[in-house]
Amino acid sequence: HGQLARPKRDAANPAAKFPALLIVQWAGVYGLPKSHAVARAEKGWLCLNVMAHDLPFDRPEAFYKEQSAGPLKDYYRIGNEDRETSYFLRMYLGCYRAADYLASRDDWDGKTLVVMGTSQGGMQSILTAAVHPRVTAMLANVPAGCDNTGFQVGRANGWPNWAGQAWDRDKAKVVEASRYYDLVNFAPRITCPSLVSIGLIDDTCTPPGIFAACNQMKGKTEVLVMPRSDHKGSGGTQAAYAERSEEWLRALVKGEPPPVAAAAK
């Protein structure tokens, strides 16, 4: 489920084609304001904003609260003892399918396909850039899902902290399943330019794991370190990412290469 918006075609160019932007969601259970996709379309994008869950995007807030307290309570733990039953399997496959859908549309320009998101959305962004060959750039703000087994060598685990969610089940099975969803194992497949931000006091999506994932990426990777940022960017501490990501998007929507910082790896 998601929302699609694009610039209006005019009489002078009734078959206009547009660069594509896929937006993926942070953690939680909620609907999607139409303004998110429309605002990007107004800037020239063929934009698809997708739900992380198999739910409609336009229900009243009470609907999502009921889902969050009921069938989707602690959804990140659902089926986590096996790679084939993990809740994240459908989410990951949904990301691939969303990129596939954009790439199949006759109003896509066939050149630019960008994926972006924050936290869980950053996790989905990295995954999509790794597995879908048409993705041309990726932007991930404080991404989750990195270095799921880092605890085994003394590194702090980030969300969804698979090993820490195994108190009532077979921890060895959970840890083994987590490897199949770990972005560190997907990152080496990324060859497109990437912008990834890291909050140094973020204790939800911890810095060591994100650095580990970035170090595996094969494309030009700009790592934006935000020294005072917690996970939520309290007090405007993620303003640098907001500004930098817009600089990237302004270039990409015009078909230009992203302005990857000279110090990027």
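Derivation of every value follows stated rules applied to the coordinates shown; laboratory data play no part. The shown structure was predicted, so the numbers you read here are calculated from the model rather than taken from an experiment. When we count neighbours, we look across all protein chains shown, and the Cβ atoms used for this are built from the backbone with ideal geometry, even at glycine.
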Determine ³J(HN,Hα), in whole Hz, for all residues of region 5-17 in sequence, where each value follows from phi through the Karplus function 6.51 cos²θ - 1.76 cosθ + 1.60 and θ = phi - 60°; x replaces Gly and Pro. 9, 8, x, 6, 6, 10, 4, 6, 9, x, 10, 4, 10
Can you give the convex hull volume per residue for the Cα atoms of region 120-254, as a whole number of Å³? 99 Å³
Residue-ordered couplings for region 119-136, obtained by feeding phi - 60° into the Karplus form 6.51 cos²θ - 1.76 cosθ + 1.60 and rounding to whole Hz (Gly and Pro as x), are 6, 4, x, x, 4, 5, 5, 4, 4, 5, 5, 6, 9, 9, x, 8, 5, 10
Taking the 0 to 90 degree range and rounding to the nearest ten, how far is the long axis of helix 207-216 tilted relative to the main principal axis of the chain, both from C-alpha atoms? 60 degrees
Phi-derived 3J(HN,Hα) across region 227-241 with the Karplus relation (6.51, -1.76, 1.60, θ = phi - 60°), rounded Hz, x for Gly and Pro, is x, 9, 8, 7, 5, 8, x, 4, x, x, 6, 10, 4, 4, 5
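Mind pulling up the Rg/Rh value for region 1-69? Radius of gyration and Kirkwood radius, both on Cα. Numbers along the way, then the final one.
Details: Rg = 14.4 Å, Rh = 13.2 Å.
Radius of gyration over Kirkwood radius for region 1-69 works out to 1.09.
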About the Cα centre of the chain, how large is the charge dipole given +1 on each Lys and Arg Cβ and -1 on each Asp and Glu Cβ? Please answer in debye to the nearest 20. 520 debye
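Rounded to the nearest 0.05, what FRET efficiency do Thr204 and Glu42 have when you use their Cβ-Cβ distance and R0 = 30 Å?
0.45
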Quick one: which residues, 5+ away or cross-chain, put their amide H under 5 Å from the amide H of Leu224? H built at 1.01 Å from N. Val196, Ser197, Ile198
Cα-Cα longer than 23 Å, checked against Lys8/Lys43; Lys173/Lys218; Lys111/Lys220, kept in input order, equals Lys173/Lys218
Going by amide H atoms built from the backbone, whose H comes under 5 Å of the H on Gly2, apart from near neighbours? Met51
If the chain between Glu243 and Tyr180 were fully extended at 0.36 nm per residue, the gain over the current Cα-Cα distance would be 19.4 nm
Simple spin-label estimate for Leu89 and Glu256 in nanometres, 7 Å along Cα-Cβ: 4.5 nm
For region 52-200, percent of DSSP beta bridges that are antiparallel (nearest 5) comes out at 0 percent
Convert 25 °C to kelvin, take the viscosity as 0.890 mPa s, use the Kirkwood radius over C-alpha pairs of the chain as Rh, and evaluate the Stokes-Einstein diffusion coefficient in µm²/s, rounded to a whole number. 131 µm²/s
Rounded to one decimal in nm, the spacing of the 7 Å Cα→Cβ label points at Phe211 and Asp109 is 3.7 nm
Fully extended contour minus Cα-Cα distance, from Tyr96 to Arg9, at 0.36 nm per residue: 28.6 nm
By DSSP, what percent of the beta bridges with both residues in the chain are antiparallel, rounded to the nearest 5? 15 percent
How much length is gained if the chain between Ser68 and Val225 is pulled fully straight, taking 0.36 nm per residue apart and subtracting their Cα-Cα distance, in nm to one decimal? 53.3 nm
